[in-house]
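Participant: For reference, the structure I am asking about is given below.
The values are calculated or read from the model by the stated rules, or taken from the named source; none is laboratory data. Note that the coordinates shown come from a computational prediction; the quantities given were computed from them, not determined experimentally. Quick reminder, even Gly has a Cβ in these numbers, built from the backbone with ideal geometry, and neighbours come from all protein chains shown.
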Amino acid sequence: MEFFFTVPPAITFGPGCSKKVGEVVNQLGYKNVFVVYDAGVKAAGIVDPIVEALKAANLNVVEYDKVLANPPIECVEEGATLARNAGSEIVVAIGGGSAMDTAKCVNVLLSNPSPLTLYEGVNNVKNRTNPLIAIPTTAGTGSEVTTMAIITDEANKRKFAVHGQYVGAAIALVDPELTLGLPPFITATTGVDALTHAIEAYISKMNMIPADVMALKAIELIIKNLPEATKNGKNLEARSNMMLGSLMAGIAFTNAMVTLAHSIAHPLGARCNTAHGLANACVLPYVVEFNVPAVPQRIKDIGVAMGLPVQNLSDGDAAKAVVEALIALNKELGIPSLEGAKVPKDILPTIAEDVMKEPPTFFNPRECTPEEVLAILNKAY
């Protein structure tokens, strides 16, 4: 047995812990803080208490609020220029995956020269970065514990990863209270994004025992709590369990990687601006179905983690039950088809070709052709 397992950042978990951010920065010995978030998080009233906590700790704060969904290179470069000009020493990310990815790459560019494309791939960031503090506001991306960022190259209609030991956060303040006001649809799509991370980490060619443990527990937590968190957003216990499930799924997939659903979601985001969680949710059941011949026992294990009565079923029947349960979950949560997500049907063959160039395709347990990917897309449409 051999594997490489990355231990995640220092994690503080619990209601209200985000307000400790000023104390954390002071303990690290920095004074000039660059805070990254999007306008929606600001409008939701989440940002101001965190910024006030920083200022109350006698820290100098510069804010960047221009984060966009599927963040483009230009957004990162603009933020990095502002941070450099302000003499910022430490970055605090507040938000979902887009804010986290933007902040990670801004932090990279504070210690490494532009352009960001120099660091595409794995371990191409050569200069050590200052500590990044991640404060997630959704239970979905797990980005607070991953060592990668996904950025959109709009000029070439593609996404690329910046991945490595100097990319991830050093500290995560995981505060479930920050998710209490999330709208139901965002709760649902980000929650299924987290579920996708856990499932894909478990079926990946790179699966390993430490990641397996995290992935299966994440699946259990998400399946038990996502419907309730979507229906009753003020249920702090459900929100806390979703945050924990998302975090554990993040630890799983930053080590075991993701697979075909993400290979599809990336070009959907780059070409159609489909939200990442929504794209994953639309295709997840059909990606699992496609992979049954390669990993039937692992998909049965997923069924057990989901609480389905599959222990005494054949592998094939168990896998069928898992796929049906995932389709039913999407329906219960109000997640649309790709057609309902306003993906043009005529772009599906292009998406299928794009998938062949996406790195997660390499980790999928079953090899695929563009024609097979197109069949998956048509099922999800």
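Participant: Among (1) surrounded by 17 or more Cβ atoms within 10 Å (Cβ to Cβ); (2) part of a helix (DSSP H, G or I); (3) out of contact with any strand residue (DSSP E or B) (no Cβ under 9 Å at 6 or more places or on another chain), which single condition is Leu178 missing?
Facilitator: Going through (1) surrounded by 17 or more Cβ atoms within 10 Å (Cβ to Cβ); (2) part of a helix (DSSP H, G or I); (3) out of contact with any strand residue (DSSP E or B) (no Cβ under 9 Å at 6 or more places or on another chain) one by one, Leu178 breaks only (3).
Participant: Here's something else I'd like to know. For Asn232, only one of the following conditions fails: (1) more than 30 Å from Glu23 (Cα to Cα); (2) surrounded by 19 or more Cβ atoms within 10 Å (Cβ to Cβ); (3) without any contact (Cβ under 8 Å) to a residue 40 or more places away in the chain. What is its number?
Facilitator: The one condition Asn232 does not meet is (2).
Participant: Something else about it: Step by step: first the residues of the stretch 180-206, then only those that are closer than 22 Å to Pro293 by Cβ and without any contact (Cβ under 8 Å) to a residue 60 or more places away in the chain, then the one that is farthest from the chain's Cα centre (by Cα). Which residue is that?
Facilitator: Ala201
Participant: Test Leu348 against the criterion of being within 25 Å of Ala139 (Cα to Cα) and either modelled with pLDDT under 95 or of a type in the set (A, V, I, L, M, F, W, C) (or both), and give yes or no. Before the answer, list the steps.
Facilitator: Working: within 25 Å of Ala139 (Cα to Cα): no; either modelled with pLDDT under 95 or of a type in the set (A, V, I, L, M, F, W, C) (or both): yes.
Here the answer is no, as Leu348 does not meet what is asked.
Every residue, every condition in (1) within 25 Å of the chain's Cα centre (by Cα); (2) more than 26 Å from Leu244 (Cα to Cα); (3) basic (Lys, Arg), yes or no:
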| site | (1), (2), (3) |
| --- | --- |
| Ile50 | yes, no, no |
| Ala53 | no, no, no |
| Ala56 | no, yes, no |
| Glu74 | yes, yes, no |
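Participant: Exactly one condition in (1) in a helix (DSSP H, G or I); (2) closer than 23 Å to Ala43 by Cβ; (3) not aliphatic (A, V, I, L, M) is false for Cys105; which is it?
Facilitator: Every condition holds for Cys105 apart from (2).
Every residue, every condition in (1) buried (at least 19 other Cβ atoms within 10 Å of the Cβ); (2) in contact (Cβ under 8 Å) with a residue 40 or more places away in the chain; (3) touching a helix residue (DSSP H, G or I) at 6+ places or on another chain (Cβ under 6 Å), yes or no:
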position: Leu118; (1), (2), (3): no, no, no
position: Gly121; (1), (2), (3): no, yes, no
position: Thr137; (1), (2), (3): yes, yes, yes
position: Glu144; (1), (2), (3): yes, yes, no
position: Glu154; (1), (2), (3): no, yes, no
position: Ala172; (1), (2), (3): yes, yes, yes
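Participant: So, in the stretch 233-255, of the ones that are in a helix (DSSP H, G or I) and small (Gly, Ala, Ser), which residue ends up nearest to Thr179 (Cα to Cα)? Steps first, answer last, please.
Facilitator: Keep residues of the stretch 233-255 that are in a helix (DSSP H, G or I), which gives 236-255.
Those left that are additionally small (Gly, Ala, Ser): 238, 240, 245-246, 249-250, 252.
Numbers: Ala238: 10, Ser240: 9, Gly245: 14, Ser246: 12, Ala249: 17, Gly250: 17, Ala252: 22 Å.
It comes out as Ser240.
Participant: Taking helices (runs of 4 or more DSSP H) that fall entirely within the stretch 295-381, which contain at least 3 residues that are in contact (Cβ under 8 Å) with a residue 12 or more places away in the chain and under 30 Å from Ala229 (Cβ atoms)? Lay out the reasoning, then the answer.
Facilitator: Details: elements: 296-305, 315-333, 348-355, 360-363, 370-380.
Once the helices (runs of 4 or more DSSP H) in the stretch 295-381 are filtered for at least 3 residues that are in contact (Cβ under 8 Å) with a residue 12 or more places away in the chain and under 30 Å from Ala229 (Cβ atoms), what remains is 296-305, 315-333, 370-380.
Participant: Output the residues belonging to the stretch 266-276 that are in contact with a Pro (Cβ under 9 Å, 6 or more places away or on another chain) and either buried (at least 22 other Cβ atoms within 10 Å of the Cβ) or outside any helix (DSSP H, G or I) (or both).
Facilitator: His266
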